[in-house]
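The values are calculated or read from the model by the stated rules, or taken from the named source; none is laboratory data. Note that this is a predicted model, so its numbers are computed, not measured. Every residue, glycine among them, receives a Cβ derived from its backbone with ideal geometry; neighbour counts consider all protein chains shown.
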Amino acid sequence: MVILSPLRYLASAFSAQNSPRQLALGFALGAVIGLVPKGNLTAMVLMMLLFAFRVNLGAGLLGAFVFSWIAVLTDPIAHQVGQSLLTAEPLKSIWTALYDMPVVPWTAFNNTLVLGSFLLGLAAFYPICRLSEPIWTRYWPPLQNRLRKFRVVKLLWGAQITTTLGSH
Amino acid sequence: MRWKYLIPRGILLAMMWLFFTFTLDPLLKRAAIFSGQVTTGTRIDVAQLATGFFPPTIDVNETQVANRHSPGTNLIEWNHFHLSLEGGPLLKKSFIVDEASLTGLKFGTPRDDDGRSDDLSRLGSQSSELANAFQQKVKNAGSHWLGLLTEKAKDRLDPRKLETARVADARHANWKKRFDTLEAQIKDFERRAKQIESRVKSGDGNELQKLQRYRQAAADVRTLLDDVQQVRAEMSQLPQIARNDQNALNQARLRDLESIEQTVGFLRLDSDLISESLLGPELAAHLDFALSWIGWLNDSAEQLAQYEAPDRTWGEDIVFRRKVELPRYLIRKLNVSGEAKLGGELVPFQGQVTGLTSEPAVYGKPIVAHVEGSGPVPLTLDLTLDRTGDVPIHTAEFTCAIPNSTEMELGDADKFALQVSGQRAKLRVRLRLTGEQIEGDVRIAQAAVALKAKSDAKLNPRVKKMFQHAFDNVSRLEIAVAISGTLDEPHWMLWSNIGDELANGLNGALASEFAAQRRNLESQVAAAAHEQIEGFNASLGKRYTQLNSELQLSESHARRIVEKAAGGRGLNLNGLLRLK
């Protein structure tokens, strides 16, 4: 059981903050992460925010996974958005100043796809959060009931956690 | 304390730390191998890549870069490559290294596999083509000049090739035909005379019939004698024809002598041909070495500068102008040390490369390398790869004493090779590549040399003697190849004192050889021509006399028949023959 403790803590990280609002916030933040190309500081900061805020990590990772596939469709739009902003003459001084600052170049903001998809993600954050909250309210309780029946869930989450889950 | 909040996140952070600790280096290693293979077009093996964060360092150990054009060998390998990144530029995403070190550098080492990679490869293709073309040219040159020399050294007096002999043979054949025809005619006269005689002697028939036979015989004899006269007339023209033929023979003899003069006059060997054939194989190797390296460096630098990630995945990076421009990758100074194999001998060296960058235009300085040998073999390499302007300009100067060069073999052992012994030879290669234009030279110098033809060379003894005479004049060896043109269509010009001195020596030997041979030939031609003409005259005179006497006999025979027939019967011979 000692070996299982860290895994239980990990499982609790994914299962905690499981109110519909926290689930919706986590899913929306995950959507932004999914849309932004990885391998840059922007994606890493977004991941850190997901871990730092009191939002549901499981929903966040689900959102990142789902929207990574959706990003294939939105990439051309994101590229257009990023390109138009980065090449806009009035914004040039801002971009130049940012580009010359330490650390900022690692965010890859000067990449059309990174900037475009990040802005698309930010724009989509609130709608995704609002639209997904009723869905989580309706479907999360029956989903919990189904999950409790799996032996692996019982083993990892333990009676205490499953009781906690059951209390909702 | 919200442990329920902190502990799960602490565990996730620990997992991320484990990921970076145990998987970042292998991932970077794979990325380095992939990008290196794309850049160089050859297979790259890296045994270990280790990164450090405080300060940011990278160590790349036991690395091998395969030589795709020489399966089973490495183009380059090193034991340890260490670099420490500067923190300030790194925050701005520029990988700047003030000083790095590359140790245990080796070239041309063997490897376990053939080193083929499915990635791009253009390494050394142009230089190999150039070297192959060069070798082919010098091979042809070698065959040509040696063949020429052997041909020239042969005894050129072949009686069958003399014009005198050819003319004499032709005229002889004409005379034989002519005499055979005359002989046949004279024999025919004899036969006809005997027929007439037998008809005259026959006692058959009455007197009238006999008289008619005599008259007929007289007419036949008259025809026979006319024919005899005609043949005699033909024979009277023969001396004139013989004189004409003799004149023709004399003319042929004079032309034979003139031909010998001309042949001796043209007996000059080309020093460039000799140089190319003897020195080509040795120089082609050095040329290939120099051009393959400069070509590889040029291609790699170009590939690195032009490398772009695919648009679909990565979008487009918009670059903004900084107050202080920094290249993306830069190693300001790289200390190198290792061993290079020269002439089969390992030569230790050390040096430094400065300004190694992916964006030379941004950095504003060329890549400069200076390497010196640290062992007993003197060696220096100065290399400048300048891609700061619109047209890339690369220069390379390499000087070294060629190891094991106190005994060198020059030329093609299958045809003709020279054994050269002397002091250690010095090599200097200078190349300048401006865009596609290439110019430079390769020079080899060796003092106190002694030349010797390889014993297994299949040479005419007379040629060997001439060579020995020429070798005695050569005491130093200087070779130079001037290269110009473009990488696609290079031109070269080879010069060597060995070519000049051998050509001079051989030409001198050939001149004295052929002066003696010319005198010999002239006397032989004169003797041969005299023999031909005399033989011709003797044969002609003997046959002519014989035929003339046979003709006389035939005519006398014919006249006796008629006289005999007419005299016994009281006939008038003159009237019978209607002779006046």
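Each residue in the range B:316-341 was checked for being at pLDDT below 85, within 14 Å of chain A (Cβ to nearest Cβ) and in a strand (DSSP E or B), and 0 of them qualify. Annotation note: Cβ proximity below 8 Å between a residue of the range B:64-76 that is farther than 9 Å from B:ASP45 by Cβ and a residue that is assigned to a loop (DSSP other than H, G, I, E, B) and acidic (Asp, Glu) (sequence gap 6+ or interchain) occurs for B:PRO71/B:ASP114; B:GLY72/B:ASP113; B:GLY72/B:ASP114. Within the range B:77-96, is even one residue β-branched (Val, Ile, Thr) and away from chain A (no Cβ under 14 Å)? No, because not a single residue in the range B:77-96 is β-branched (Val, Ile, Thr) and away from chain A (no Cβ under 14 Å). One residue stands out in the range A:47-60 among those that are surrounded by fewer than 21 Cβ atoms within 10 Å (Cβ to Cβ) and away from every other protein chain (no Cβ under 11 Å): the one that is farthest from A:GLU133 (Cα to Cα), namely A:LEU49.
Just one of the listed residues (A:GLY30, A:GLY58) is at pLDDT 90 or above and assigned to a helix (DSSP H, G or I), namely A:GLY30. Does the range A:105-124 hold any residues that are part of a helix (DSSP H, G or I) and more than 8 Å from chain B (Cβ to nearest Cβ), and which are they? Scanning the range A:105-124 gives A:THR107, A:LEU115, A:SER117, A:PHE118, A:LEU119, A:LEU120, A:GLY121, A:LEU122, A:ALA123, A:ALA124. Being aromatic (Phe, Trp, Tyr) and farther than 20 Å from A:TYR139 by Cα is the requirement here; does A:PHE53 meet it? Considered against the rule, which asks whether it is aromatic (Phe, Trp, Tyr) and farther than 20 Å from A:TYR139 by Cα, A:PHE53 comes out as yes. Within the range B:471-500, the set of residues being assigned to a helix (DSSP H, G or I), under 22 Å from the mean Cα position of the chain (by Cα) and at pLDDT 75 or above comprises just one member, B:ASN497.
Residue-by-condition table, conditions (1) in contact with a helix residue (DSSP H, G or I) (Cβ under 9 Å, 6 or more places away or on another chain); (2) surrounded by 12 or more Cβ atoms within 10 Å (Cβ to Cβ); (3) within 14 Å of chain A (Cβ to nearest Cβ); (4) more than 26 Å from B:ARG68 (Cβ to Cβ):
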{"position": "B:PHE19", "(1), (2), (3), (4)": "no, no, yes, yes"}
{"position": "B:PHE22", "(1), (2), (3), (4)": "no, no, no, yes"}
{"position": "B:ASP25", "(1), (2), (3), (4)": "no, yes, no, yes"}
{"position": "B:LEU28", "(1), (2), (3), (4)": "no, yes, yes, no"}
{"position": "B:ILE33", "(1), (2), (3), (4)": "no, yes, no, no"}
{"position": "B:VAL38", "(1), (2), (3), (4)": "yes, yes, no, no"}
{"position": "B:THR42", "(1), (2), (3), (4)": "yes, yes, no, no"}
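The combined condition, being modelled with pLDDT under 90, within 14 Å of another protein chain (Cβ to nearest Cβ) and more than 20 Å from the chain's Cα centre (by Cα), is not fulfilled by A:ILE94. Checking the condition touching a residue at least 12 places away in the same chain (Cβ under 8 Å) and touching a Cys at 6+ places or on another chain (Cβ under 8 Å), which residue from B:GLY373, B:GLY355, B:GLY338 passes? Checking each option against the conditions leaves just B:GLY373.
Of all residues in the range B:218-244, those being over 22 Å from B:GLU550 (Cβ atoms) and either over 60 Å from the mean Cα position of the chain (by Cα) or not in a helix (DSSP H, G or I) (or both) number 2.
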